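Each reported figure results from applying straightforward, stated rules to the coordinates on display, with no laboratory input. Quick caveat: nothing in here was measured; it's all calculated off a predicted structure. Note: ideal-geometry Cβ built from the backbone for every residue, glycine included; neighbour counts use all protein chains shown.
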Ligand SMILES: [Zn+2]
């Protein structure tokens, strides 16, 4: 059902091809099953670091015209529910460290991410995140930083960082990296990875060690190039069937069509309650 809707959206909104392509690919892995129940914040709660839900957003808009945009009201309802259920946010460093250490959490955790550097993350998402006490991470493709209407400027990224938001890489040009590898070879992929990291680190004056693959697309050579470029947190959207790799963190897309009930269900596989 969701895939059918997304197909229609793809036809209607070709102009938003980047986002829609990501989201269409994304949905395969995160179909809920009907009997999943949201976790409850009880004392015996235990969440494996590997099971922490990682949410993927793009853009907040009063009148969303793409599947990747949701209204501020939708977003606030989701934050409210997360808050009521006892969820607290973690950042990518905490997630990657916890996965490596095999940690479990005694209360529900969530990692919230926003792709592509839309300005609405500052104007709409950040005030709501602050109201409910959640952190978030922005995956930025560096070509978009300067003077692109509707997108965050360098100064605005610094404001976001100063208010607790993690800035991470989404490559330079939002290229499909496996496709780029085939077409132009490894040096072009290495440029996308290394240059984006250099630009962000020089701008943010901090280490940038997390990367979201544009379109969630990756393959073994791209993973190796990303690790060689210094990224230790690698984020995608759905499992690439040609390239199973359990070290890639899979994210749950939150779409305009995602109702609050669906949102609750999407989050539910993460929690395990003991007795
Ligand atoms: Zn993107």
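Normalised by the number of residues in region 42-165, the average gap of Cα pairs under 8 Å and 6 or more apart makes the relative contact order 29 percent. The length gained on full extension between residue 148 and residue 188, counted as 0.36 nm times the residue separation minus their Cα-Cα distance, comes to 12.0 nm.
Specify whether the C-alpha gyration tensor of region 88-134 places it in the rounded, prolate or oblate class, a ≥ b ≥ c being the square roots of the eigenvalues: rounded for a/c under 1.5, otherwise prolate if a/b is larger than b/c and oblate if not. Cα axes put region 88-134 in the oblate bin. Expressed as a whole percent, how much of the Cα-Cα distance distribution for region 196-247 exceeds 15 Å? In whole percent, the share of Cα-Cα pairs in region 196-247 beyond 15 Å is 46.
The residues 115, 221, when put in order of fewest to most other Cβ atoms within 10 Å, stand as 221, 115. Mean projection of the Cα convex hull over all viewing directions, computed for region 34-141: 7.9 nm².
Expressed as a fraction of 2.2 N^0.38 Å, the C-alpha radius of gyration for region 58-100 is 1.52. Taking the DSSP bridge list for region 85-232 and keeping only pairs wholly inside it, about 10 percent are antiparallel. Assign one of three labels to region 99-212, namely rounded, prolate or oblate, based on the Cα gyration tensor with a ≥ b ≥ c the square roots of its eigenvalues; rounded applies when a/c is under 1.5, prolate when it is not and a/b is larger than b/c, and oblate otherwise. Note, shape of region 99-212 comes out oblate. The distance between label points at residue 161 and residue 262 comes to 3.6 nm (points 7 Å beyond Cα on the Cα→Cβ vector). With the simple spin-label model, which puts each label point 7 Å out from Cα in the Cβ direction, the residue 63 to residue 173 separation comes to 3.4 nm.
Counted by neighbouring Cβ atoms within 10 Å, the residues 159, 54 run from fewest to most as 159, 54.
Which of rounded, prolate, oblate describes region 144-275, given a ≥ b ≥ c as roots of the alpha-carbon gyration tensor eigenvalues and a/c under 1.5 marking rounded, otherwise prolate only if a/b is larger than b/c? Judged from the Cα gyration tensor, region 144-275 comes out oblate (a/c at least 1.5, b/c at or above a/b).
The stretch between residue 201 and residue 84 holds 38.5 nm of extra length on full extension. This uses 0.36 nm per residue minus the Cα-Cα distance.
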